[in-house]
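Q: Input: one structure, supplied below.
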Amino acid sequence: MVLARSVFAVIPEYQRAVVFRFGRVQSEPRGPGFMFRLPWINKIVRVNLRVEVVDIPSQSVITKDNVTIAVDAVVYFQVVDPIRAIIGVDNFRFASQRIAMTSLRSIIGRYELDSLLAHREDVNSELRSTIARSTAEWGVEVRQVEIRDVTLPPELLRAMARQAEAERERRAKIIAATGELQASAELSEAADKMAASPGAMQLRTLQTLAEVATGKSSTLIFPIPIELLSMFKQGESTKPAKAPEPETSGKAAVWELDGLPAQAELSAPTELE
């Protein structure tokens, strides 16, 4: 059984075998499938062709505007040339991680904090290009680089929270002022139209009274236009005045006061003895 394992090998689909014969690498990697090797003559090194994930530990980085932050990222890479990945570098996983760490500090140091937070995709793309130029010599291709977390100092977080709150208040005031400006323009136009049409003003007054009457108020003051009062005064001044004409023959005298009938009881005169 041990002899069979040393002579035969099965290479999975996601692996390739780099064969060394007397210490010299063969021209092409072997696999996948069943392969035969000579013990003590051939040596097989398996290389994984699947996309691997390398975590970049949290790095303390100083940005362009002198803000100290902690950044960690993740790198996705894949071996495309198994022979170069084995003979080109001692440990391509460890080397890829180290080149990613140094590139991360170098690139983030060229960005300001606001630009880093707002354009993270651009930073990821630049990181990928920088790391790929170094790992291409090892037969390793960088598929993707993602900044996973950016940790800010507590005092900076408090300052950013105050800044965000002030910005929201500024926007709210601008929106309210814009609404007041638009409303004043519409009200001015409505007032001009109502001033040109007195009937519209009276209808608006009656509508307002109807809306007020639906409330819980118990007292309602009804304004009367001054023109209406002047019409009543003119009617009273032009009407002729009638003197009272009491009748002496009867017990009752009838006269009119401003057109309204009235009666009064009168007693007959008595003679004094």
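Q: Can you find a residue in segment 183-194 that is outside any loop (DSSP other than H, G, I, E, B) and within 30 Å of Ile86 (Cα to Cα)?
A: no
Q: Can you go through Arg143, Arg120, Arg204 and tell me which one is within 30 Å of Pro82 (Cβ to Cβ) and either in contact with a helix residue (DSSP H, G or I) (Cβ under 6 Å, 6 or more places away or on another chain) or surrounded by 10 or more Cβ atoms within 10 Å (Cβ to Cβ) (or both)?
A: Arg143
Q: In segment 29-56, which residues are farther than 19 Å from Ser125 by Cα and loosely packed, with under 12 Cβ neighbours inside 10 Å?
A: Residues satisfying the conditions are Gly33, Phe34, Phe36, Leu38, Pro39, Trp40, Ile41, Arg50.
Q: Now for a separate question. Among Ala177, Ala136, which is without any contact (Cβ under 8 Å) to a residue 12 or more places away in the chain and surrounded by fewer than 14 Cβ atoms within 10 Å (Cβ to Cβ)?
A: Ala177
Q: What's the number of the condition Leu49 fails, among (1) over 30 Å from Arg16 (Cα atoms); (2) in contact with a helix residue (DSSP H, G or I) (Cβ under 8 Å, 6 or more places away or on another chain)?
A: (1)
Q: For segment 15-106, which fully contained strands (runs of 3 or more DSSP E) count at least 2 residues that are of a type in the set (Phe, Trp, Tyr) and under 19 Å from Gly139 (Cα atoms)?
A: 68-79
Coordinate-derived values only; no laboratory data. All figures in this text were calculated on a predicted structure; none of them were measured in a lab. No Cβ is skipped: glycine too gets one built from the backbone with ideal geometry, and neighbour counts run over all protein chains shown.
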